[in-house]
Amino acid sequence: MIFRNVCLSREIMLVPVFLPNCGHTICDLCATTIKNKHNEADNRHCPECRATLPILLETFQQNLLIKRRVQQLEAQCPSCSMKAALSIILQHCCPEQRVQCDNEGCELTMRRRDKQEHNEVCPRTFITCNQCSVAVARESINKHLEDECRKRETKCPLRCKSVVTR
């Protein structure tokens, strides 16, 4: 069955909302935009039939019939060739999807399937110092060991040839 979506954003209505005065359906983002224009009476109308909407638009109700039908539409993952119902595609963690590194300060993007491998070499990944058990960014571990680690063994600063802990 084909149905017409009335929506300002021209996006798929993942959360379709029922308009009370005219019965048309728009997406929740458009409904929020209309609701936020409560002081502008000229902008508070249905985008399809121009029916004036009530002043109090506190609660919009979802159009569950359209929501169910949209969820059943066949879709394809934008990153791989998987085809399934939209509801499944939306939950699909595609290994080909481009994702950004989670480590603060790392701007690198990679395929989801390469993320774990990247974390093993990312300079911004926190690793545990094997001397003092403090978490340190991989890029700072040498500086930490040289200047900051409290449990690192080093030669005595008085040159007595003893090995001491800082």
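Phi-derived couplings, Karplus 6.51 cos²θ - 1.76 cosθ + 1.60 at θ = phi - 60°, listed residue by residue for segment 121-127: 10, 4, x, 8, 5, 7, 10 Hz, with x used for Gly and Pro. Ordered from longest to shortest, the equivalent ellipsoid semi-axes for segment 126-165 are 23, 9, 6 Å, each the square root of 5 times a Cα gyration tensor eigenvalue. Scaled against 2.2 N^0.38 Å for its residue count N, the alpha carbon radius of gyration of segment 45-130 is 1.79. Computed from backbone phi, the HN-Hα couplings of segment 104-116 come to 4, x, 8, 9, 5, 10, 8, 5, 3, 5, 9, 5, 5 Hz, rounded to whole numbers (Karplus: 6.51 cos²θ - 1.76 cosθ + 1.60, θ = phi - 60°; Gly and Pro given as x). Taking K161 as the anchor, which lysines have their alpha carbon closer than 19 Å to its alpha carbon, excluding any fewer than eight residues away along the same chain? The reachable lysines, counting only those whose Cα sits under 19 Å from K161, are K151.
Restricting to DSSP loop positions (anything but H, G, I, E, B) with no more than 11 other Cβ atoms inside 10 Å of their own Cβ, which GluC sites (Glu not before Pro) remain in segment 77-160? Those that pass, being in a loop and sparsely packed, are E104, E107, E120. Distance between the modelled labels on V121 and T154, one decimal in nanometres: 3.2 nm (7 Å Cα→Cβ projection).
Throughout, read-outs are computed from the coordinates displayed, never taken from laboratory work. These numbers come from a predicted model, not from an experiment. When we count neighbours, we look across all protein chains shown, and the Cβ atoms used for this are built from the backbone with ideal geometry, even at glycine.
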